[in-house]
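Down below is the structure, laid out as structure tokens.
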Amino acid sequence: MSVVEAPRQTPVRTEQPIVEPGTGRQGPPPPSGRRSRIQRILLGLGCGLCALLLALALAISEGLLVLGGVTKPFESLFAAPVDEPTNWLLVGSDSRDGIDADDPNAGYFRDGELPVGKRTDTMILARVDAISGEIDMLPIPRDLWVDIYGADRSGRINSAFASEDGEERLIQTVQQNLGVEIHRYAEINFVGFQQVVDEIGGVDMWFDTPMRDPASGLFINQTGCVNLNGFDALALARSRTLEFQRTDGRWTTDATGDLGRISRQQYFLKRIVDSAASLSLTDVGTIRGLVGAVGDNLVISEMNIDEMVELARAFKDFSGEDITSHSLPVVPFRTESRAAVLAMQPAEANQVLAIFRGEDPEPIAPTEAAVELAILNGSRTPGQAKSVEGLLGSHGFEISEIDNGPTSERTTLTYGPGFEAAANRVARYLEVAPVFEPDADHEGLTLLTGIDYEGIRSEPLAPGAFDAPAAPGKAPEIAAPAPEPVGVLPGSDDRGACS
């Protein structure tokens with residue numbers, strides 16, 4: 001089984017064991033080995049616009065909706081630059097519109113009655129450069145904690161989509177919090193995604209171990225090359241509680257949650273692109289014939305047919321390996337209300353986001369680098385350490401521990417050698433100036449809130465506001481941490497049967 005690497009994170013294991021229903025689903029049919037003319041056309045569009053949501057589905061939607069005359073204007077989008085890369089916001093909606101309650105698989109998308117409304121199930125920022133033939137892709141975790149545009153509140157980024165004028169508010173929220181311009185928008189719901197995958201004859205993918213997730217409806221009971229139909233492809237893309245079978249027959253949970261799901265979506269995108277054996281963009285009439293099947297399940301910003309065709313032709317020789325995947329540096333934390341969410345690490349995130357701003361990443365200044373610290377409550381105020389965790393966590397600090405500490409009149413930062421810059425950065429967020437306690441024997445950095453504690457600033461003081469005394473002793477040599485796996489993928493180096 002393949003493992004994708006990404007920045008360090010704290011996995012959360014599901015509390016309930018996963019048990020396959022007794023009526024289990026049958027494995028998908030074997031690949032036919034045949035591609036029809038329409039499949040080649042659609043795969044051509046998929047390669048031409050492969051950065052669209054989960055690649056092919058939204059790439060096809062681009063052609064369908066432009067030709068079908070049902071594109072939608074968005075006031076919050078920036079004008080697409082001429083002869084320069086464009087940023088796409090690609091959204092997979094969990095809208096159940098169009099799901100037949102009598103469908104035997106409908107239970108995987110409902111809990112009693114089918115829910116109304118829609119939320120973002122997937123968000124991808126894609127930078128498409130038709131001149132160089134390069135595509136950069138950055139999934140946005142839906143649990144990312146941000147300021148919601150126009151709402152005077154913070155929340156998960158996917159909550160912006162659930163509000164009135166959800167698409168516009170989501171675009172504005174992404175632009176405001178990530179500091180990037182969005183030029184184009186595309187969205188597909190569950191039904192549209194399934195229909196598009198089925199229309200192209202499924203997606204071939206190699207599994208070196210059985211995988212399952214009853215929550216999403218994924219049951220892959222065989223190994224080797226498997227042709228995923230629309231339902232199975234969606235179940236894989238949605239899986240957040242995936243289990244895989246070890247060689248001894250035991251099932252093990254991939255505990256990486258939403259970040260693991262993001263890795264599988266990126267892998268799925270590349271497999272779609274790699275599956276294009278032959279490209280064609282000549283039979284526009286055939287593509288138009290698909291409008292009735294999936295057009296009602298797709299939304300896309302306005303784009304004329306000439307732009308679409310030129311973009312598709314620019315990427316006619318594109319392959320999955322030509323997509324550069326990026327990860328947004330985030331840390332898990334709990335809000336003051338104890339919701340488990342993610343926060344960007346500002347300096348590290350800016351290095352990635354610079355790519356989507358058309359800038360060269362700048363070195364991270366020590367005064368802005370990510371900080372890990374323990375928080376102890378020394379004020380006698382119940383729940384204060386948890387409150388500070390939420391407030392500092394929202395600014396990208398990684399909280400390693402929260403606990404009660406000794407009662408203290410003064411808020412204090414205790415640190416070992418090499419942690420002076422980290423202590424200065426924490427101090428810049430405190431409403432009261434802390435006492436600095438350098439300690440040669442202390443490992444890392446600890447914040448002890450005192451009786452004088454008055455809260456956390458929404459914006460920090462300027463760099464240089466504090467100068468923590470040097471801790472005696474030699475600073476430890478901290479090697480760059482080896483990336484840890486963020487998810488289990490279907491895959492193997494031996495994909496001969498799927499090539």
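Each reported figure results from applying straightforward, stated rules to the coordinates on display, with no laboratory input. All of these numbers come straight from a predicted model, not from anything done at the bench. Heads up, the Cβs are rebuilt from the backbone with ideal geometry, glycines too, and the neighbour counts pull from every protein chain shown.
Between ARG457 and THR209, 0.36 nm times their residue separation minus their Cα-Cα distance comes to what? Walk me through the numbers before you get to the answer.
Details: separation 248, 0.36 × 248 = 89.28 nm, distance 4.91 nm.
So the extension gain works out to 84.4 nm.
Sticking with the crude label model, points 7 Å out along Cα→Cβ, report the distance from GLN351 to GLU443 in nm, one decimal please.
The two pseudo-label positions are separated by 2.5 nm.
What is the gain in length, in nm to one decimal, between ALA465 and VAL435 on full extension, counting 0.36 nm per residue of separation less the C-alpha to C-alpha distance?
Values: separation 30, 0.36 × 30 = 10.80 nm, distance 1.38 nm.
Result: 9.4 nm gained on full extension.
Counting only other residues whose beta carbon sits under 12 Å from that of PRO346, what net charge do I get with K and R as +1, D and E as -1?
Values: positive: ARG425; negative: GLU348, GLU368, GLU459.
Around PRO346, the charge tally is -2.
Hey, can you rank 123-133, 258-268 by average C-beta count inside 10 Å, highest first? Could you put the intermediate results ahead of the total?
Values: 123-133: 19.1, 258-268: 23.5.
Listed from highest to lowest mean packing, they are 258-268, 123-133.
Determine the percent antiparallel among the DSSP beta bridges restricted to region 343-449, to the nearest 5.
Values: 4 of 18 bridges.
Around 20 percent antiparallel, to the nearest 5.
Please tell me the relative contact order of region 343-449 in percent, rounded to the nearest whole number, where contacts are Cα pairs under 8 Å and at least six residues apart.
On the way: 186 pairs, mean separation 32.8, N = 107.
Relative contact order here is 31 percent.
Can you give the charge dipole size of region 343-449 about its Cα centre, rounded to the nearest 20 debye, using +1 on the beta carbon of Lys and Arg and -1 on the beta carbon of Asp and Glu? Walk me through the numbers on the way to the answer.
On the way: 6 positive and 17 negative charges, 87 e Å.
Charge dipole, region 343-449, about its Cα centre: 420 debye, nearest 20.
Kindly rank 138-144, 425-431 from highest to lowest mean number of other beta carbons found within 10 Å of each residue. Show your work: numbers first, answer last.
Numbers: 138-144: 22.1, 425-431: 20.4.
The most tightly packed comes first, giving 138-144, 425-431.
Using 16 Å as the cut-off for backbone N distance, which residues of region 183-213 belong to the label zone defined by a point 7 Å from the Cα of THR247 along Cα→Cβ?
208-210
If you count, for each residue, the other Cβ atoms within 10 Å and average over each peptide, how do 354-362, 222-230 line up from highest to lowest?
Numbers: 354-362: 13.7, 222-230: 18.0.
The packing order, highest mean first, is 222-230, 354-362.
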